[in-house]
Amino acid sequence: MYNFPIGVIIDSFRTDLVSAVKKAAEVGAQGIQVYATSGETAPENMNAAKRRAFAGLVADNGLVISALCGDLGGGGFAFPQNNPPKIEKSKRIIELAKELGTDIVTTHIGVVPEDTSSDRYKVMQEACFELSRCADELDAHFAIETGPETSATLKVFLDSLGSNGVGVNLDPANLVMVTGDDPAGAVYNLRDYIVHTHAKDGRQNFYVDPDIIYGMKSSDIVTSDSFIEVPLGEGSVDWDKYLSALEDIGYKGFLTIEREVGDDPEKDIRKAVSFLKEKMGA
C-alpha cells in the first residue's frame, strides 16, 4: 500500500557505534539516524579519515544515513545568551551531514510561542533564520521536530522564515503526548516543510504546559509522567490515518524508528519494523 523507507535511530540500541549500525541492518532497516551532538560522531571528533570510515561502515551494511540529530538541548534556541555557540555548532553538524551523504539535520528548537510579537518568538526566529540561510547555501535542511507546539503554530513560524532551509521532522508521538495535536492533521498543515519523520508512539496521561516539559522555564527538559512512550501500535497515533496522510501529500522520505525508553529496545525496534512493514503491505 505504501512504500516509505524505514530507518532507525541507532542510539536507540544503546550499544557501541559499530554494533548499532550492524543491528540496524539486522532488524531490516534501510537507513539510520545518528546523534552528532557529542561523543565520537560529533563534528569536532570526526576528522576526514573517521568520516570516511563511518560512511564506509554504513554503506558496507547496506544502509544509508537518513539524517543526523543535532539537538543541543538547553531549551533549544529560546535563550539568546546561549545561541551563538549553538548556532555555530549546528552549522558544523549540517556540514558533517552533507559530507556523510544526507541533507537533513533534526533538532528541537524550544517551544514556539503563539504570540508572534513575544521576545522569545523573535529570538527563535532570528536563530532559525540564520540556520535556514546556512542550510540553503548547502542545499540541506535543518528540520524542527514536532511536539512542543501545535502544527498550526509551527507553520506560522516556518512561513515567517521565507525558506525551506528550515524544515520539519514530524514526530507523531510527540504531538499526541504533549500537545494532543492530530498527527495526520499536522501532515497536511506542514506538508510544504516535512523532510523527515520519526516512527514513535505514545499517549498523553494528562496535560502539562509544554514550556515546562521542554525547558522553557528552567533550561532543563523534564521527564514527565504526563505522557508515556510505548511501542509502535500501542499508543494514540492513528497509523492508518497518519500514513495515508503522508502518502496523500507525496512524502517520499524515511519513517525513522525512535525508541527512547523500555528494557529491551532491540526487541521493540524489531517489532516496530514488522509493524511498519505490515502497515505498508510489505
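Counting other beta carbons within 10 Å of each residue's own, what order do K200, K23 fall into, fewest first?
Numbers: K200 27, K23 21.
Lowest count first: K23, K200.
Which of the aspartates and glutamates could a cross-linker bridge to K279, judged by Cα under 13 Å and excluding same-chain residues fewer than eight apart?
D238, D240, E247
Please give the charge dipole size of the range 6-279, origin at the Cα centre, charges +1 on K and R Cβ atoms and -1 on D and E Cβ atoms. Round to the nearest 20 debye.
700 debye
Set the bar at 18 Å for Cα to Cα. Now go through K155/K200; K155/K241; K200/K241; K241/K271; K241/K267 and name every pair that lies beyond it. Show your work: numbers first, answer last.
Details: K155/K200 22 Å; K155/K241 21 Å; K200/K241 15 Å; K241/K271 20 Å; K241/K267 25 Å.
Checking Cα-Cα distances, K155/K200; K155/K241; K241/K271; K241/K267 exceed 18 Å.
Which value, in debye to the nearest 20, gives the size of the charge dipole of the range 1-109 about its Cα centre, when Lys and Arg are +1 and Asp and Glu are -1 at the Cβ?
Details: 11 positive and 11 negative charges, 20 e Å.
Dipole about the Cα centre, nearest 20: 100 debye.
When every alpha-carbon pair in the chain is counted, what percent end up more than 29 Å apart?
That fraction is 28 percent.
With a 10 Å Cβ neighbour count serving as the proxy for reagent exposure, in which order, fewest first, do C134, C128 appear? Kindly include the intermediate steps, with their values, before the conclusion.
Working: C134 18, C128 27.
Ascending number of Cβ neighbours within 10 Å: C134, C128.
Which of the lysines could a cross-linker bridge to K50, judged by Cα under 26 Å and excluding same-chain residues fewer than eight apart?
Of all the lysines, those that pass the test against K50 - Cα under 26 Å, at least 8 places apart if same chain - are K22, K23, K86, K89, K91, K98.
Is the shape of the range 174-282 best called rounded, prolate or oblate, per the rule: a/c under 1.5 gives rounded, else a/b larger than b/c gives prolate, else oblate, with a ≥ b ≥ c the square roots of the Cα gyration tensor eigenvalues? Walk me through the intermediate numbers first.
Working: a/c = 2.02, a/b = 1.29, b/c = 1.57.
Since a/c reaches 1.5 but b/c is at least a/b, the shape of the range 174-282 is classed as oblate.
Throughout, read-outs are computed from the coordinates displayed, never taken from laboratory work. Note that this is a predicted model, so its numbers are computed, not measured. Quick reminder, even Gly has a Cβ in these numbers, built from the backbone with ideal geometry, and neighbours come from all protein chains shown.
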